[in-house]
Structure formats: structure tokens, C-alpha cells
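Colleague: Can you keep this structure in mind? I'll have questions shortly.
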Amino acid sequence: MLQTWSTMTLPLGKISKVLLETVVFKNLGAKRKEVVLGPMAGFDAAVVDTDGKSVVVSTDPITGALERIGWLAVNINANDVATFGVEPAFFLSCMMLPEKALNTMVGTISVQMSDAAKALGIAIVGGHCEATPGLAKPVVVGCAIGITDKGKYVTAGGAKPGDKLILTKSAGTEGTAILASDRKQQLKGALGAKTLQSAAKFYDQISVVKDAMTAFKTGGVNAMHDPTEGGVAGGIHEMADAAKLGVRICEKRIPVRSETHQICRHFEIEPLQLISSGALLISAKPECADQIVRALRRESIQASVIGEFTKDSDERTLTGTNGEQRVLPRPLSDDLWRALSRK
């Protein structure tokens, strides 16, 4: 059936929640009884039940990064499955390459994907590769799959009032790595080679599979979510939206690495609104939060309690480093796009 919608230019990055709910989620094909969790705002994977098992499936593109794009495609998709407390096991990819791309680009991306998959114990089971007319930069779309016993998982929407919110690692991890790599020449004079080299190595911290599995196996986890586009601020809103809860956050408890601060100052962007793959948000029962933090730290994973969920869904507050309380910002677009668009 032909539909008509208002014509508006989309901002870079993920489309809005309103557009998702009014257009995308109203066009989902046939209904199947096996689908336990389908497309919903704030949920980064689907769940399909079959033969006593729950299959967790996620898909995501890598579009804003050139360095290690294949490696990122595996890790970003694996992260989405792991946030359900399920180990990712299988991966498929669609590589769309620019016109006149060389064979070496196919090889480079394929090796990156294979190395990342081996490190996580994931089998690459299929995909597609093409040179795409009109494409200026490579795009890799991935799909990760994990299998668990039926019902043995958590979702991003399981937070309860009073739950403590834990953040692993630090804000802006992926954005820091992307900008340090793809804008190296632009940043060299302002930051220096040593800082840039350190920031580029943030790629090595982008997997949250170990974070998620450690927390889930410790017990007391009600929900998990990795803050990708929109950063930590956007990820917190997505969890609160999914659970229909409010949240109180203490900014000074959110770790932000020095390299991230310096890069954000240079581009005049906010660390809490910069893509943060590598960090993990964990909603934990209050009595279990400290135990989860200790378990993560035993695995050499930095972890901090940064706030708590509340009953009032309209309460979304951030207490700043100066003690002033304000509304937790909800990013319209990731600050990475603002930085990348600057000459």
C-alpha cells in the first residue's frame, strides 16, 4: 500500500525514536509466534525462541570509521548480543565498497573481521561483498547471533526502580579512537603524537563481551545496554525509555579519560554525547551492585556506580561536577558527526 510521509532532511546518524515508532515499527512484515522480542526503541537485538532455545540476533553498520572498520563491525555487533548476557557465536557481514575500490580493501576488511571473530570465539558463517555505485567510503553491516537456554537472558528494558546504574570503562571510548585515527593530521598539532597514539589504542577497549558476561554471571543484573550513538547520555535515556523509568545521574562519577577530554575540547563536543562503544551500562539490584563492581575490577575492568533508576519517568537529571542539577541531555545526533563534519 502506497504511503505518504512528510519530507524532512534526516540528521546524520540514527533516526529519531519518533520516526522509528511512527514509520519503521509499523512496517514489520508478517507476525511469527517465535518472535519474543522484535524491534523496539532502546533494544539492540531481537529474540527468537525455538526448540527450547532463545536465539539473540543483532545487526549494526559501521559508517563513521575508516580505521579497523572490519574489526569494529564484529565487535559492535557482538556487544549487542552480549548485553543480553549471551555469548555471541556467529557473524554475517555485508561489505559495500566505494567505486573503484581495490582488491586490497576486500582483503584488509576480511582479515580484520576474521581476527576479531577469532578473539571472541565467533564463526563467520556468511555475508555479501560488492562495489557500490555512488559510495564514497566503505560501509560494513554486520549481524551477530548468540544462542542460550530459553529465557536465560536480560534486556535493555529490565531496569527496576531503585536499581543502581553501573558504567564500565569510560565515556566516549569509540569516538575517541575514531577521531584520533581518522582526524590524525587535524589533531596532531593540538594534542601531540603521544596523546594521539594513546587515544587511537582505545579501539582495543571496544569489546564489552567480557564486561557483560562477568556482570551477568555474578548475578543481580536486571538490564544491560551498550551506549553507542548518542554516547553515555543517549544510552541512559534509551534504558530509561525501555523500562519507562526515570534516572538520576552524578556526572563526577562518570569516568572520562584525559585523551577524550582533550579531543572533545578541540572539536567543541561533549564526552557524554560521543559514541561510547566499549562502555557498558548495567542496571543492578541495589544489594548486588557493589559485588558486580568488584567482580568487574577483578577482571581488570574499570567500573563505577554512576546513578540510579527512579519511578518517575519524567525525572531524568544530571548532577554536574559543580553540584548543579540539570536535565540529562538527550542527543539528537551523535557528536562524532559534528566533529567529522568540521574541516
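Colleague: Distance from the Cα centre of region 306-343 to that of region 263-279, in angstrom?
Modeller: First find each Cα centre; the distance between them is then 12 Å.
Colleague: Please work out whether the chain counts as rounded, prolate or oblate from its C-alpha gyration tensor, where a ≥ b ≥ c are the square roots of the eigenvalues and a/c under 1.5 means rounded, while otherwise a/b larger than b/c means prolate and anything else oblate?
Modeller: Cα axes put the chain in the rounded bin.
Colleague: By count of other Cβ within 10 Å, fewest leading, how are Lys150, Lys311, Lys169 ordered? All intermediate terms of the calculation are to be shown ahead of the outcome.
Modeller: Working: Lys150 14, Lys311 11, Lys169 23.
Ranked by crowding around the Cβ, least crowded first: Lys311, Lys150, Lys169.
Colleague: Give me the aspartates and glutamates in straight-line cross-link reach of Lys31: C-alpha distance below 20 Å, same-chain residues under 8 apart excluded.
Modeller: Filter leaves Glu21, Asp44, Asp49, Asp51.
Colleague: Got a sec to turn the phi values of region 13-28 into Karplus ³J(HN,Hα) couplings, 6.51 cos²θ - 1.76 cosθ + 1.60 with θ = phi - 60°, whole Hz, x for Gly and Pro?
Modeller: Karplus values, whole Hz, x for Gly and Pro: x, 4, 6, 5, 4, 4, 5, 4, 6, 8, 10, 4, 6, 8, 9, 10.
Colleague: Charges on Cβ only, +1 for Lys and Arg, -1 for Asp and Glu, centred on the Cα centroid of the chain; of Thr319, Thr9, Val125, which one is farthest towards the dipole's positive end?
Modeller: The listed residue farthest towards the positive side: Thr319.
Colleague: Could you list Met95, Met224, Met105 in order of exposure, starting from the residue whose Cβ has the fewest other Cβ atoms within 10 Å?
Modeller: Met105, Met95, Met224
Colleague: If the only charges are +1 at each Lys and Arg Cβ and -1 at each Asp and Glu Cβ, what is the size of the charge dipole of region 1-135 around the Cα centre, to the nearest 20 debye? Intermediate results must be reported in sequence, preceding the final value.
Modeller: Numbers: 10 positive and 12 negative charges, 58 e Å.
Dipole magnitude for region 1-135 comes out near 280 debye.
Colleague: Provide the per-residue ³J(HN,Hα) series for region 277-292, in order, calculated from phi with Karplus coefficients 6.51, -1.76, 1.60 and θ = phi - 60°, each as a whole number of Hz, with x at glycine and proline positions.
Modeller: 3, x, 8, 9, 9, 10, 9, 10, 4, x, 6, 10, 4, 5, 5, 5
Colleague: For Ala223, enumerate residues with amide H under 5 Å from its amide H, sequence gap 5+ or separate chain, H modeled in the peptide plane.
Modeller: Ser283
Colleague: With Rg and the Kirkwood Rh both taken from Cα atoms, where does Rg over Rh land for region 32-149? Write down the numbers at each step before the final one.
Modeller: Details: Rg = 15.0 Å, Rh = 14.7 Å.
That ratio is 1.01, to two decimals.
Colleague: Which whole-Hz ³J(HN,Hα) couplings does region 82-98 yield from phi under the Karplus relation 6.51 cos²θ - 1.76 cosθ + 1.60, θ = phi - 60°, glycine and proline marked x?
Modeller: Rounded to whole hertz, the list is 5, 5, 8, x, 10, 6, x, 10, 9, 9, 10, 9, 10, 9, 10, 10, x.
Colleague: Using the Cα centre of region 88-237 as the reference point, and only Cβ charges (+1 on K/R, -1 on D/E), how large is the resulting charge dipole? Debye, rounded to the nearest 20.
Modeller: It works out to roughly 360 debye.
Colleague: First select every other residue whose beta carbon is under 12 angstrom from the beta carbon of Thr260; then total the charges, Lys and Arg +1, Asp and Glu -1.
Modeller: -1
Colleague: How about region 196-284: which trypsin sites (Lys or Arg not before Pro) there are in a DSSP loop, with at most 13 other Cβ atoms within 10 Å of their Cβ?
Modeller: Passing both the DSSP loop test and the Cβ count: Lys244.
Colleague: Under 1.5 on a/c is rounded, so check that first for region 47-89, then, if it is not, pick prolate when a/b is larger than b/c and oblate when it is not; a ≥ b ≥ c are the square roots of the alpha carbon gyration tensor eigenvalues.
Modeller: Prolate, since a/c reaches 1.5 and a/b exceeds b/c.
Colleague: What aspartates and glutamates does Lys137 reach when the alpha-carbon gap must be under 14 Å and sequence neighbours fewer than 8 apart in one chain are set aside?
Modeller: Counting by Cα, and skipping residues close in sequence, Lys137 has these aspartates and glutamates nearby: Glu67, Glu99, Asp182.
Colleague: Taking amide hydrogens as modeled 1.01 Å from N in the peptide plane, which residues meet the under 5 Å criterion relative to Cys129, leaving out close sequence neighbours?
Modeller: Met95
Colleague: How would His261, His225, His237 line up from fewest to most surrounding beta-carbon atoms within 10 angstrom? Walk me through the intermediate numbers first.
Modeller: Numbers: His261 14, His225 29, His237 21.
Ordered by Cβ neighbours within 10 Å, fewest first: His261, His237, His225.
Colleague: Ok, one more. Anything over 29 Å Cα to Cα? Flag those among Lys188/Lys210; Lys160/Lys252; Lys217/Lys311, in the order listed.
Modeller: As for pairs spanning more than 29 Å Cα to Cα, those are Lys188/Lys210.
Colleague: Only Lys, Arg, Asp and Glu count, each charged at its Cβ (+1, +1, -1, -1), so figure out the dipole size of the chain about its Cα centre, rounded to 20 debye.
Modeller: The dipole magnitude comes to about 420 debye.
The numbers here are math on the coordinates, done by the rules we state, and not lab data. Since we're looking at a predicted model, the values are computed, not measured. Note that we place each Cβ from the backbone using ideal geometry, even for glycine, and neighbour counts take in every protein chain shown.
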